[in-house]
Amino acid sequence: MITCRRATELISKELDTELPLAQRVGLEIHSLVCSGCRRYRRQLSTVDNAVRELLAAPASDRDAALSAASKENLKAALQGLLDQEA
Amino acid sequence: MNRSGTARILDPASWVDRHGDYLYQFALARVGRPDSAEDIVQQALVAALIARHSFRGHSSERTWLTAILKRQVADWLRKAVRQRALEEIPPDELPNAQFTRFGAWRQKPDEWSSDNPGKELFRDEFRETLAGCLGKLPPRLRHVFVLRHIDDGSADEIRHAIGVSATNLAVMLHRARLRLWHCLTLNWFGEDPGRL
């Protein structure tokens, strides 16, 4: 029987790759008898989906802004490239 | 598709004013460093300017710029991780705090009290909490974890791109997830995993 600690490693791993048969069986058997790891497994997939959603969304910190100086630099850089092309 | 049916024309001279802060926020949320976020925005806008003739007007200007920015962000993250790929992963105390030396939970995970972060009411607050937890991850774990979740590539492709072994990638992702889970359990779902 695998430990809970080992189970949490496999629960993470299965989010990234298909587990080898022996590991999959080990995790399923452990999950049958361990309510804590069953919850962790469910909650971790909630976390993973939420992170994916968060990172697909625009931005979380809407107060962050480029400084005026950076904006001027950026504009100058872009204008320079445009002028070169012209 | 744009509604007028005519191809949209890009206006690079106005990009900084119209999209600069948006792109900066986008980059900052993913790389976590203001100076790097600024550099990435600059690189993305320069790349966009050079590639602007390939713009077909199928998406908005902002969407198009964001797609270019996304690639620059992923490049930056890959590079940041790759530069330290050969370093040992430092020991992490969190798993030891969560498990006994026999590998059992010290405190079994509880049901999350408000188990539905999708609820409209909580959405923004939940996002903020999640972003805060993400920000608390050690930089290298955060970089790898973010890369895994913005890239469409498989874990295998990512580990080749950043030059770490499959084992090390699995260890880093596991640690990042355990930390995030712990942080959300404490700060959002209101259950202290250490409480009796």
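Residues in segment A:34-75 that are part of a helix (DSSP H, G or I), under 20 Å from residue A:5 (Cβ atoms) and open to solvent by less than 20 Å² (accessible area, probe 1.4 Å): A:36, A:37, A:40, A:43, A:44, A:47, A:48.
Summed over segment B:16-34, the residues that are surrounded by fewer than 20 Cβ atoms within 10 Å (Cβ to Cβ) and either in contact with a Phe, Trp or Tyr (Cβ under 9 Å, 6 or more places away or on another chain) or more than 17 Å from residue A:75 (Cα to Cα) (or both) give a count of 3.
To keep it simple, each residue is scored yes or no on (1) open to solvent by 40 Å² or more (accessible area, probe 1.4 Å); (2) among the polar types (S, T, N, Q).
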site: B:132; (1), (2): no, no
site: B:155; (1), (2): no, no
site: B:159; (1), (2): yes, no
site: B:162; (1), (2): no, no
site: B:165; (1), (2): yes, yes
site: B:173; (1), (2): no, no
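Here is a yes/no grid of residues against (1) part of a helix (DSSP H, G or I); (2) touching an Asp or Glu at 6+ places or on another chain (Cβ under 8 Å):
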{"site": "B:146", "(1), (2)": "yes, no"}
{"site": "B:149", "(1), (2)": "yes, yes"}
{"site": "B:156", "(1), (2)": "yes, no"}
{"site": "B:164", "(1), (2)": "no, no"}
{"site": "B:172", "(1), (2)": "yes, no"}
{"site": "B:177", "(1), (2)": "yes, yes"}
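Against the test of being within 18 Å of residue A:58 (Cβ to Cβ), open to solvent by 70 Å² or more (accessible area, probe 1.4 Å), more than 8 Å from chain A (Cβ to nearest Cβ) and touching a residue at least 24 places away in the same chain (Cβ under 8 Å), the options B:82, B:62 yield a single qualifying residue, B:62.
Comparison of B:85, B:47 shows that the only residue that is modelled with pLDDT under 90, farther than 30 Å from residue A:33 by Cα and among the small types (Gly, Ala, Ser) is B:85. Pairing each residue of segment B:159-180 that is in contact (Cβ under 8 Å) with a residue 24 or more places away in the chain with any residue that is open to solvent by 40 Å² or more (accessible area, probe 1.4 Å) and in a helix (DSSP H, G or I), provided the two are 6+ apart or on different chains, yields C-beta distances under 7 Å for B:161/B:78; B:162/B:78; B:162/B:82; B:163/B:82; B:169/B:159. Summed over segment B:8-32, residues that are facing chain A (nearest Cβ under 7 Å), touching a Lys or Arg at 6+ places or on another chain (Cβ under 7 Å) and hydrophobic (A, V, I, L, M, F, W, C) total 1.
The values are calculated or read from the model by the stated rules, or taken from the named source; none is laboratory data. As the structure is a prediction and not an experimental result, all values here were calculated from the model. Every residue, glycine as well, gets a Cβ built from its backbone with ideal geometry; the counts of neighbours run over all protein chains shown. With ligands, DNA and RNA removed, areas are computed over all heavy atoms of the protein, side chains included. Shrake-Rupley method; radii C 1.70, N 1.55, O 1.52, S 1.80 Å.
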